[in-house]
Amino acid sequence: MSEPEQTTALLHAASAAALTAYAPYSGFHVGAALRFADGTVVTGSNFENASYGLSICAETSAVIAANLLGRRTGLIEVAIIGGPLDEDGKLAPTAAPVTPCGRCRQVLNELAQLGGTDPLVYSGHADGHLVHRLSVLLPVAFGPGNLA
Ligand code: THU
């Protein structure tokens with residue numbers, strides 16, 4: 001698979017994960033897909049709460065899923081996409097890119113730093129995606145090394 005095809009495939013995995021989101025309060029269904037150096041892809045979706053502020057984002061649920069699978073190193077790419085569902089239950093991605101929230105940047109940083117990587121983050125939207133290094137989204141990050 002060429003590099004652009006791999007990126008598209010990761011965004012597709014994130015779109016598929018968005019269909020598992022539990023988002024009855026916002027109606028904003030988000031999926032995240034993490035790719036590891038060995039090619040493994042782990043996904044997550046947002047899981048909201050009746051106490052709205054306790055909702056869990058897609059990126060954070062993907063990191064927890066990765067940990068459950070024993071994956072703490074080799075995070076190289078992250079894809080995120082979100083939007084409402086259309087009347088056929090298909091994801092209708094927003095025109096604006098879904099960039100990770102501040103809390104999720106910090107959660108992704110923990111996993112990245114454990115394996116010494118600086119993953120590319122693809123923020124999907126209706127017409128494509130933006131790409132940033134995590135270190136650009138979260139400069140001068142506090143991580144495991146800062147506790148030494
Ligand atoms: N959300 C995510 O899951 N990831 C993001 O990057 C942005 C926001 C979720 C949180 C909440 O369930 C809904 O989207 C609306 O903010």
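Listed by first and then second residue, the pairs linking a residue in the range 52-64 that is open to solvent by 30 Å² or more (accessible area, probe 1.4 Å) to a residue that is part of a helix (DSSP H, G or I) and near the ligand (Cβ under 6 Å from one of its atoms), with Cβ atoms under 9 Å apart and 6 or more places separating them unless they lie on different chains, are CYS57/CYS104. Against the conditions (1) touching a residue at least 12 places away in the same chain (Cβ under 8 Å); (2) closer than 17 Å to ALA14 by Cβ, LEU138 satisfies every one except (2).
Within the range 106-125, can one find any residue that is within 13 Å of the ligand (Cβ to nearest atom), open to solvent by 40 Å² or more (accessible area, probe 1.4 Å) and among the hydrophobic types (A, V, I, L, M, F, W, C)? So far as the range 106-125 goes, no, none of its residues is within 13 Å of the ligand (Cβ to nearest atom), open to solvent by 40 Å² or more (accessible area, probe 1.4 Å) and among the hydrophobic types (A, V, I, L, M, F, W, C).
Just give me the residues in the range 126-140 being in a loop (DSSP other than H, G, I, E, B) and surrounded by 15 or more Cβ atoms within 10 Å (Cβ to Cβ), in sequence order. It would help to see each step written out before you state the result.
Start the filter on the range 126-140 by keeping residues that are in a loop (DSSP other than H, G, I, E, B), which leaves 126-127, 138-140.
Within the range 126-140, LEU138 is the sole residue that qualifies.
Which members of the range 29-44 meet the condition of being within 10 Å of the ligand (Cβ to nearest atom) and either acidic (Asp, Glu) or within 14 Å of CYS101 (Cα to Cα) (or both)?
Selection gives VAL30, GLY31, ALA32.
Give me the residue from the range 65-84 that is away from the ligand (no atom under 13 Å from the Cβ) and open to solvent by 40 Å² or more (accessible area, probe 1.4 Å) and, out of that set, farthest from GLU3 (Cα to Cα). Break it down into steps so the answer makes sense when it comes.
Step one: of the range 65-84, the residues away from the ligand (no atom under 13 Å from the Cβ) are 65-77.
Keeping just the survivors that are open to solvent by 40 Å² or more (accessible area, probe 1.4 Å) gives 67-73, 76.
On the way: ASN67: 26, LEU68: 28, LEU69: 25, GLY70: 26, ARG71: 23, ARG72: 24, THR73: 21, ILE76: 13 Å.
The residue in question is LEU68.
When the range 21-42 is filtered for residues that are aromatic (Phe, Trp, Tyr) and in contact (Cβ under 8 Å) with a residue 40 or more places away in the chain, the ones remaining, listed by number, are PHE28, PHE36.
The values are calculated or read from the model by the stated rules, or taken from the named source; none is laboratory data. It should be emphasised that the depicted structure is a prediction, and the values quoted were computed from it without experimental measurement. Because the Cβ atoms are built from the backbone with ideal geometry, glycine has one as well, and the counts that use them run over all protein chains shown. Each accessible area value is taken on the protein alone, full model and side chains, heavy atoms only, with ligands, DNA and RNA left out. Shrake-Rupley method; radii C 1.70, N 1.55, O 1.52, S 1.80 Å.
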